[in-house]
Structures are given as structure tokens and as C-alpha cells.
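Below: the structure, in C-alpha cells.
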Amino acid sequence: MILGEKLSFLRKQNGFSQEELADRLNITRQSVSKWENGLAIPELDALIALSNLYHIPIDRIVRNDDECNISLKKGTNGTPEKAELVSFLLRAKQHTYAGHGAECEPSRPASHDLRFQEGSLLYIDSYLGGQKFSGEEAVWQDEVPVWSMNYYGRVIGESFSGDFLKAALFEVPAESPFRGPEIFRQGDYTYQCKTDGDFEWFQGYEDIFYLDKKIYELHFHGGIIVP
């Protein structure tokens with residue numbers, strides 16, 4: 001796989017169009033097209049940005065040998081590469097709770113379960129409660145768990161809007177694919193999210209303000225699962 005093909009593969013694997021990737025990197029779509037067609041090579045700062053965005057080392061992007069290309073598509077221990085997991089997780093989140101997806105049959109008494117599957121990858125979000133709630137999002141490959149996130153949240157003020165929370169979570173960023181973006185505003189509502197760590201090991205906190213009053217908060221943590 002030559003560099004241009006690899007850049008195209010990584011972009012598609014992470015669910016970006018050429019225009020979306022260009023916006024992320026603050027470059028033109030024509031630059032992305034030239035990279036992928038072998039007409040230009042990314043500068044070092046662009047390679048660093050791609051490495052951070054796709055959660056892989058730079059050498060995995062630029063090296064052109066079979067061992068590197070195989071590991072790009074498949075992670076260690078037979079689990080999917082992080083880029084593939086992130087791309088799948090983004091789609092799963094946007095098709096379930098954040099996207100007003102329908103609940104499936106509960107797996108536990110009084111639980112709310114949402115499910116999304118593509119090929120060998122399966123995502124399930126299962127939570128308990130309402131104004132105070134806890135839950136877990138997890139991803140399986142071939143019925144083997146590979147990633148999980150636990151969360152606990154509560155509504156602490158009036159004027160809470162579930163639709164606003166879903167709108168914020170729908171904007172889940174690829175560089176931090178856990179909850180919503182760092183800041184999301186809509187009318188009088190403001191959503192904030194802070195995260196420490198990376199896809200393999202992380203923890204974070206989100207809250208919602210209505211005008212200047214906090215009305216909602218949630219803690220989350222998780223990471224990669226290795227059997």
C-alpha cells in the first residue's frame with residue numbers, strides 16, 4: 001500500500017470526506033486530493049496532525065512495507081486497529097441514543113438498551129435510571145469485548161433538555177470519541193466536556209448549563225479491553 005492509498009484508506013476508515021478532513025487540518029480539499037493521488041506528500045506538521053487524529057504513530061502512516069500495512073488494518077491480539085474502532089464507534093453513537101435510535105430488548109431488568117452492528121463489530125449502550133442514571137457502552141468484535149466506557153450522570157436543575165443532550169452527543173469528535181465536543185451551544189444551553197487520557201485509557205466529565213446555571217453533570221471512564 002503506497003502512501004497515497006494509505007492516506008485514502010485511513011480517511012475513509014475514520015469516516016471523513018476529503019472536505020471534512022481538510023477542515024480538520026485547516027487545509028484545502030485539493031491538498032488532500034493531491035496526497036491521495038500521489039501528486040504531493042504531506043508536510044511534517046500535517047503528518048503530526050494526521051497521527052493525532054487517527055491515533056496511530058507517524059511511521060505507521062509513512063512506512064511502505066507489508067508488516068506495517070497488515071498492522072494498520074488489524075491491531076495486536078487480533079483486535080481492530082484503533083482507527084477502525086473509532087470510526088465504528090462514531091457511527092454507532094450517531095445511530096443510537098444521540099441519533100434518537102430505537103431501544104432494543106432490555107438485557108437487564110428495567111434497563112434501556114441500544115444496539116448497532118456492522119459486520120463483526122457490535123456496539124451496545126445499556127443504562128439504568130432516569131434523572132439519576134448509570135450505564136455502559138461497549139464494543140465487541142466477533143463476540144469478544146474490545147472496548148468499554150462506564151458513566152454515571154444526574155439532572156440537578158430545571159429546564160433540562162434531553163434533545164439538547166442528544167444534539168451535543170451527536171457531535172462526538174473523532175479525536176475524543178467518548179461523549180460530546182469540548183463546547184456545544186444551542187440557544188440558552190451550553191454543553192461542556194473535559195477528558196484526560198486517550199482511547200486506550202481515559203476519564204472525563206461533562207455538564208450542561210441553562211443560561212448561567214448548571215442543570216446536569218456526568219462522569220465517565222473506560223478504555224481498551226484485552227482478553
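Worth pointing out:
- Estimated from helical segments only, the mean residue ellipticity of the chain at 222 nm is -9500 deg cm²/dmol, where each DSSP H run of four or more residues counts as -39500 (n - 2.57).
- Applying 1/(1 + (r/R0)^6) with R0 = 35 Å to the Cβ-Cβ distance of Ile2 and Asp163 gives a FRET efficiency near 0.15.
- Values of log10 I(q)/I(0), in the order q = 0.20 Å⁻¹, for region 104-227 under a Debye, Cα-only, solvent-free model: -1.22
- Region 152-166 and region 1-25 have Cα centres separated by 35 Å.
- Compactness index (Cα Rg / 2.2 N^0.38 Å), region 163-215: 1.13
- Counting Lys and Arg as +1 and Asp and Glu as -1 over every other residue whose Cβ lies under 13 Å from the Cβ of Arg29, the net charge comes to -1.
- Neighbourhood charge, 13 Å Cβ-Cβ cut-off, centred on Asp113 and excluding it, Lys, Arg +1 and Asp, Glu -1: -3
- Computed extension gain for Glu143 through Phe170, at 0.36 nm per residue and net of the alpha carbon distance, reaches 7.1 nm.
- Stokes-Einstein diffusion coefficient of the chain, Kirkwood radius over Cα pairs, 25 °C, 0.890 mPa s, in µm²/s: 130 µm²/s
- Using a simple spin-label model with pseudo-atoms 7 Å out from Cα toward Cβ, Asp207 and Ser51 lie 3.6 nm apart.
- Residue of Asp142, Asp198, Asp188 that the Gaussian network model of the chain assigns the largest fluctuation, springs spanning Cα pairs under 10 Å: Asp188
- Heavy atoms of Arg63 accessible to a 1.4 Å probe, total area in Å² rounded to 10: 90 Å²
- Surrounding net charge for Ser87, when Lys and Arg each add one and Asp and Glu each subtract one, Cβ distance under 12 Å: +2
- Diagonalising the gyration tensor over the Cα atoms of region 97-170 and scaling each eigenvalue by 5 before taking the square root yields semi-axes of 24, 14, 11 Å, largest first.
The values are calculated or read from the model by the stated rules, or taken from the named source; none is laboratory data. Owing to the predicted nature of the structure, the values given are computational and were not obtained by experimental measurement. Cβ: placed from backbone, ideal geometry, glycine included. Neighbour counts: every protein chain shown. For the accessible areas, the whole protein counts, side chains as well, though only heavy atoms, and no ligand, DNA or RNA atoms are used. Shrake-Rupley method; radii C 1.70, N 1.55, O 1.52, S 1.80 Å.
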